[in-house]
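A quick write-up on the structure given underneath.
The values are calculated or read from the model by the stated rules, or taken from the named source; none is laboratory data. Keep in mind it's a predicted model, so treat the numbers as computed, not measured. Please note: Cβ atoms are built from the backbone with ideal geometry, for glycine as well, and neighbour counts cover all protein chains shown. We work out accessible area using only protein heavy atoms, side chains counted, and drop any ligands, DNA or RNA first. Shrake-Rupley method; radii C 1.70, N 1.55, O 1.52, S 1.80 Å.
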Amino acid sequence: MGNNNKGVFLILFLGFLTPIMTLFVPVEGGGVSLIFVLTVPILVGISILFSIIYFCLDKWKFTSESKSMLLLFFCTTLIVLAFFLYPYR
């Protein structure tokens, strides 16, 4: 498995970070849990879009420095969105 596939799988995994966080961090009930139901598909969709972009740009033979910067940007964006949109108790 090449470095490209590891980056794609990492981006896809971070899209599912919000459902994984529910195991460790409680979600507030009521209407706030509706926010949780809406943010999960949005974050998964963004992670799928980011992984497709990363995969396609890798096929165009960018330098390793630009690929790592792009991977860092995508991963940071997904982590920040997951923590920012999570409905804490």
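In the range 5-89, which helices (runs of 4 or more DSSP H) lie fully inside it and hold 2 or more residues that are open to solvent by 70 Å² or more (accessible area, probe 1.4 Å) and in contact with a Leu (Cβ under 8 Å, 6 or more places away or on another chain)?
Values: elements: 17-21, 32-59, 64-85.
Result: 32-59.
Quick one: would you say Ile35 is of a type in the set (A, V, I, L, M, F, W, C) and over 13 Å from the mean Cα position of the chain (by Cα)? Break it down into steps so the answer makes sense when it comes.
Working: of a type in the set (A, V, I, L, M, F, W, C): yes; over 13 Å from the mean Cα position of the chain (by Cα): yes.
For Ile35, the condition - of a type in the set (A, V, I, L, M, F, W, C) and over 13 Å from the mean Cα position of the chain (by Cα) - is met.
Report yes if Leu34 is of a type outside the set (Val, Ile, Thr), on the phi < 0 side of the Ramachandran plot and touching a Gly at 6+ places or on another chain (Cβ under 7 Å), otherwise no.
Details: of a type outside the set (Val, Ile, Thr): yes; on the phi < 0 side of the Ramachandran plot: yes; touching a Gly at 6+ places or on another chain (Cβ under 7 Å): no.
Considered against the rule, which asks whether it is of a type outside the set (Val, Ile, Thr), on the phi < 0 side of the Ramachandran plot and touching a Gly at 6+ places or on another chain (Cβ under 7 Å), Leu34 comes out as no.
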